[in-house]
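Trainee: First the structure, which I've put down as structure tokens, then a few questions once you've had a look.
Coordinate-derived values only; no laboratory data. Not measured: the values here are computed from a predicted model. Positions of Cβ are generated from backbone atoms using ideal geometry, with glycine treated the same way; all protein chains shown enter the neighbour counts.
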Amino acid sequence: MSKPKLAIVLLSYNSLELVKNYLPKIKACIPQGKNYEIVVVDNASADSLGNYVQEEHKDVRLITLKENHGFTNGYCESLSQIEAEYYCLISSDIEVTPNFTEPILELLESDHRIAACQPKIMSWDRRNEFEYAGAAGGFIDYLGYPFCRGRIVNVVEEDKGQYDTVQEIFWASGACLFIRADLYHEAGGLDNDFFAHMEEIDLCWRLKNMGYKIMFHPESVVYHMGGFIIKYGSPAKVFRNHRNNLIMMLKNLPPYESIWKIPIRFCMDFLTLLKMMVDGNWNTIPAISKAHFQFLWYLPKWLKKRSAVNKLKSTPNLRGIFPKSMVWKFFAQKRNKFSQLNWKP
């Protein structure tokens, strides 16, 4: 049998009930006659996920990992075993809708410079709102802070069709990420040192540095439960977001920019720490200090990674970087909607 056009790779950890609910919907969305493969990756779950897939979905391929070394490792270990023209990396807490694959695949087929694409990501429990992790496509500001069309900091917009345009973006959400398999591997895949959080932004940034485009397609829609494994605002999430953001900046920024932007980020993280104190979020305060310590302690390791990324660079495509401070716009100027940034990416 020829190599599948698309491999839909569902990564699961202790989420049997979610897989029971959403795997049948993924199967139902595959157009008849298409050479697609569905792969469930059991990331060392303690539930009976593997048995369920083997017994109830014999047409689905199962890859079982013996140990859980994080979200990134689940894909790092499994994708090396999966051959396809395109991957769709999908979280177990994603509910798909009919025809979610075809608009994106058609877009990818239309332009070889498109490396990856994401669907419109809506909230699972507030169906008329965008979801935090991706919304209508991801961007970053010039200091490396991520945000989305439809979500800035912690303010999520209602979907009124305001972002229903095919749009080049800076990063595509790892909750449901379509990507060319060959470019995934050529770019080095997800960074396994990230464990979880911002790993897809780092990957997309590398692809952008290689000159490729990342896209958003509104005709493909999924619903994301969000925060199922690591809760939003938890100390673990705060730690990984702050540490991984610094690593990502060091790896991908030109040296002449990282040398002054990263110290600024340290200062801004200190302001974040003060705000946490004022808000009474004492349990998350040590997470930022831990993030800074790990970033500095393993600095030689991150510099080695930067050297490897620099070898990939070829006419970087920087479209999607907001040339001002999104943080200043949000907190000082009270602009909490993407449209209020007065910027056309």
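Trainee: Return the sequence-ordered ³J(HN,Hα) values of the stretch 152-166 in whole Hz as given by the Karplus equation 6.51 cos²θ - 1.76 cosθ + 1.60 applied to θ = phi - 60°, using x for Gly and Pro.
Mentor: Karplus-based 3J(HN,Hα) across the stretch 152-166 equals 10, 6, 10, 9, 9, 8, 7, 7, 10, x, 5, 10, 7, 10, 5 Hz.
Trainee: Where the centroid of each part is defined by its Cα atoms, how far is the stretch 165-202 from the stretch 303-345 in Å?
Mentor: Distance between centres, Cα-based: 16 Å.
Trainee: Using a Förster distance of 56 Å, how high is the FRET efficiency between residue 35 and residue 256, based on the Cβ-Cβ distance and rounded to 0.05?
Mentor: So the FRET efficiency works out to roughly 0.75.
Trainee: Let me ask something else. Give the peptides 6-17, 74-85 in descending order of average Cβ contacts within 10 Å, highest first.
Mentor: 6-17, 74-85
Trainee: Right, next: Which order do the peptides 162-175, 120-133 come out in when sorted by mean C-beta neighbours inside 10 angstrom, highest first?
Mentor: 162-175, 120-133
Trainee: Just checking my list (1) 75, 60, 41; (2) 54, 42, 40; (3) 66, 42, 36 against Cα extents along the principal axes in Å computed from this structure; which label fits?
Mentor: Matching the structure shown: (2).
Trainee: Follow-up. What are the ³J(HN,Hα) couplings of the stretch 89-95, residue after residue, when phi is run through the Karplus curve with 6.51, -1.76, 1.60 and θ = phi - 60°? Round to Hz, x for glycine and proline.
Mentor: Running phi through 6.51 cos²θ - 1.76 cosθ + 1.60 with θ = phi - 60° gives 8, 9, 7, 5, 9, 9, 9 Hz.
Trainee: Follow-up question, since we're still on this one. Mind listing the phi-derived Karplus ³J(HN,Hα) values for the stretch 278-289, rounded to whole Hz, using 6.51, -1.76 and 1.60 with θ = phi - 60°, and x for any glycine or proline?
Mentor: 3J(HN,Hα) across the stretch 278-289, in whole Hz: 5, 7, x, 8, 5, 6, 9, 4, x, 5, 6, 4.
Trainee: So for 266, 216, 295, fewest C-beta neighbours within 10 Å to most, what's the order?
Mentor: 266, 295, 216
Trainee: If you take the Cα atoms of the stretch 62-116, find Rg, then find the Kirkwood Rh from the mean of 1/r over all pairs, what is Rg/Rh?
Mentor: 1.02
Trainee: Next up: Between residue 264 and residue 162, what is the FRET efficiency for a Förster distance of 41 Å, r being their Cβ-Cβ separation, to the nearest 0.05?
Mentor: The formula returns an efficiency of 0.80 here.
Trainee: Quick one: dipole size for the chain, taken about the Cα centre, charges +1 on Lys/Arg Cβ and -1 on Asp/Glu Cβ, in debye to the nearest 20.
Mentor: Dipole size: approximately 1420 debye.
Trainee: Follow-up. I need the calculated FRET efficiency for the pair residue 324 and residue 113, taking r as the beta carbon distance and R₀ as 22 Å, to the nearest 0.05.
Mentor: E(calc), rounded to 0.05, equals 0.25.
Trainee: Okay, next question. State the extension gain, in nm to one decimal, for the chain segment bounded by residue 283 and residue 67, taking 0.36 nm per residue of separation less the distance between their alpha-carbons.
Mentor: 74.9 nm
Trainee: Sticking with this structure for a sec: Normalised by the number of residues in the chain, what is the relative contact order in percent for Cα pairs under 8 Å and 6+ residues apart?
Mentor: 19 percent.
Trainee: Packing-wise, with mean Cβ within 10 Å as the measure, how do 143-154, 304-315 rank, highest first?
Mentor: The peptides rank, most packed first, as 143-154, 304-315.
Trainee: Then there is this: List the lysines whose alpha-carbon lies under 28 Å from that of residue 160, not counting same-chain residues fewer than 8 positions away?
Mentor: Partners within reach: 25, 120, 213, 231, 324, 329, 334, 337, 344.
Trainee: Moving to a separate point now. In which sequence would 337, 66 go, from the one with the fewest C-beta neighbours within 10 Å to the one with the most?
Mentor: 66, 337
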